[in-house]
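See below for the structure under consideration.
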Amino acid sequence: MDSRLTQFAALSQKDKAPAYLSLVSEILARQDQSLIAADLHTLVETVTRDSGIVVGRQVLSELVRNLSTGTISDHALRKRVVEDTLAVIQPRIVSYEEQVNSLRFQLADLLESEEEWSEAAHVLMGISSRSLTDEEKFRVNIRIVRLLLEDEDSVQAETYYNRAASLSNSTSDRETQLQFKLCQARISDYARKFLEAAMRYHELSWLAEIDEEERKEILSAAVTCAVLAPAGPNRSRVLASLYRDERSADLPTYNILSKMFLDHILRPAEIKTFEERLRPHQLAKIAISSNDQLASSIDDDDSAEPSTSTRRGPSTVLDRAVMEHNLLASSKIYNNITFRGLGALLDLTPGAAETMARKMIEQGRLKASIDQVDKLIWFDAGREEDDAQGKAGGLGDVEQTSEDTGAPYTKRWDMQIRMTAANVETIVQHLAEKGLIQPTATV
């Protein structure tokens with residue numbers, strides 16, 4: 001090899017290119033592949049150092065073309081040649097920018113096939129964007145985001161997602177746009193914006209361009225994110241939309257979806273089953289702020305009964321979502337509840353239960369009032385979820401007006417008396433029909 005390269009060095013500049021190109025083809029055509037990597041290394045180093053930019057670009061372009069067409073069938077050898085070639089021309093990268101980009105794309109493909117997601121992403125990050133169109137930049141950024149998310153690196157993925165978002169109007173290719181929307185949903189998922197992620201996933205699950213099995217997985221992801229979203233009217237709209245989707249009945253998470261939509265209390269066994277299906281970022285630990293810790297430490301000192309729980313707050317994202325749901329569900333069952341009773345329901349100290357209820361009231365996700373003197377939480381008679389679920393069916397906003405009597409508790413008491421009297425009358429009628437009682441004559 002060295003002697004032939006010495007001969008080629010003596011040729012005129014015009015004859016060098018054909019000579020080196022023929023040598024590239026000769027090396028790649030060998031049956032014995034043991035020396036291919038070493039000979040190509042020597043050739044590339046000699047050409048880029050001694051033969052000038054014009055000849056160097058021609059030889060490298062020919063080598064890149066042969067590598068891309070699968071001339072070297074052995075995966076490991078091809079990867080070694082690509083990595084070695086990149087290392088040799090790295091000091092002269094400005095002169096061979098186009099060839100370097102092509103080699104980086106090939107190396108990323110090879111690493112992706114080995115499921116080396118982060119390494120493939122970092123190879124693509126090194127691609128020079130000066131020679132790329134806006135559409136090509138958009139595709140590269142989306143691919144980097146997808147690869148980083150495979151390795152759960154959501155922080156860096158969001159950086160490249162933001163770059164892609166600024167170029168989202170540069171392409172009309174439907175497949176690329178769908179990949180961008182899927183990245184959009186996954187970024188929201190990893191950033192714990194579960195409500196937004198659930199809506200994006202559900203929208204994607206209807207697109208016919210996506211394979212049916214993938215649509216089912218996307219729908220399942222929508223349900224998971226809806227369950228993990230903060231409890232309140234907005235989540236109720238999403239839950240209603242998913243519950244009314246006929247495809248949801250076939251999902252393994254349908255049980256917890258239906259219970260959340262119907263405002264049923266969730267039990268530990270059901271939560272455990274659901275937890276097994278979550279991804280690591282959806283099981284992330286959450287810290288309790290110092291203010292919440294201080295507020296949660298205040299207990300009912302006047303009560304002779306000690307608190308049944310010592311927990312000061314939720315420990316994971318799922319934990320918080322379930323506690324907030326159970327708190328909201330309890331507002332459908334009870335008119336009021338003590339701090340201690342709510343703490344027993346949520347497996348929290350009374351102070352922590354009050355803190356959670358207070359934050360939900362402040363954020364407009366729970367309609368209630370807190371009586372700190374009697375240590376009670378009074379739930380409003382109006383059902384804020386009913387309006388949210390009505391909108392989810394596509395009916396839009398329905399304006400309802402009712403007279404404000406200024407005495408909600410009196411009105412509620414009157415309604416309870418009326419219902420009790422009506423039930424007693426019904427029972428008496430059934431007993432009279434069966435002859436178990438004799439009606440008394442009125443004077």
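If only residues of region 141-160 that are in a loop (DSSP other than H, G, I, E, B) and at negative phi are counted, the one that is most open to solvent (accessible area, probe 1.4 Å) is Asp151.
Here is a check on your reading of the model: is Ser34 touching a residue at least 12 places away in the same chain (Cβ under 8 Å), under 25 Å from Leu110 (Cα atoms) and out of contact with any Pro (no Cβ under 8 Å at 6 or more places or on another chain)? So Ser34 does not fit the description; no. For region 104-121, how many residues meet the condition of being assigned to a helix (DSSP H, G or I) and open to solvent by 20 Å² or more (accessible area, probe 1.4 Å)? Qualifying residue count, region 104-121: 8. Consider region 122-140 and keep the residues that are touching a Ser or Thr at 6+ places or on another chain (Cβ under 8 Å) and basic (Lys, Arg). The one that is surrounded by the fewest Cβ atoms within 10 Å (Cβ to Cβ) is Lys137. Of all residues in region 164-179, none satisfies being in contact (Cβ under 8 Å) with a residue 40 or more places away in the chain, under 16 Å from the mean Cα position of the chain (by Cα) and open to solvent by 60 Å² or more (accessible area, probe 1.4 Å).
Residues that are under 17 Å from Gln99 (Cβ atoms) and open to solvent by 70 Å² or more (accessible area, probe 1.4 Å) within region 20-62 comprise Glu45, Arg49, Ile53, Val54, Arg57, Gln58, listed in sequence order. Ala344 passes every criterion in (1) in contact (Cβ under 8 Å) with a residue 40 or more places away in the chain; (2) more than 30 Å from Arg279 (Cβ to Cβ) apart from (1). The criterion of at least 2 residues that are over 26 Å from Arg365 (Cα atoms) and not aliphatic (A, V, I, L, M) is met by the following helices (runs of 4 or more DSSP H) wholly inside region 161-242: 174-190, 212-228. Of the residues examined, Val223 is not one that is more than 19 Å from the chain's Cα centre (by Cα), surrounded by 20 or more Cβ atoms within 10 Å (Cβ to Cβ) and aliphatic (A, V, I, L, M). Put simply, of Asp189, Asp153 the only residue that is of a type outside the set (S, T, N, Q) and at pLDDT below 90 is Asp153. In the condition set (1) within 25 Å of Gly126 (Cβ to Cβ); (2) of a type in the set (S, T, N, Q); (3) part of a helix (DSSP H, G or I), Gln7 is compliant with all but (1). Selection over region 80-103 of residues that are open to solvent by less than 40 Å² (accessible area, probe 1.4 Å) and in a helix (DSSP H, G or I) gives a count of 11.
The rows are residues; the columns are (1) hydroxyl-bearing (Ser, Thr, Tyr); (2) assigned to a helix (DSSP H, G or I); (3) touching a Lys or Arg at 6+ places or on another chain (Cβ under 8 Å).
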| site | (1), (2), (3) |
| --- | --- |
| Glu26 | no, yes, no |
| Asp32 | no, no, no |
| Thr46 | yes, yes, no |
| Leu60 | no, yes, no |
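The values are calculated or read from the model by the stated rules, or taken from the named source; none is laboratory data. Computed from a prediction, not measured in an experiment: that's the story for all the values here. Cβ coordinates were reconstructed from backbone atoms using ideal geometry, including for glycine residues, and neighbour counts include every protein chain displayed. With ligands, DNA and RNA removed, areas are computed over all heavy atoms of the protein, side chains included. Shrake-Rupley method; radii C 1.70, N 1.55, O 1.52, S 1.80 Å.
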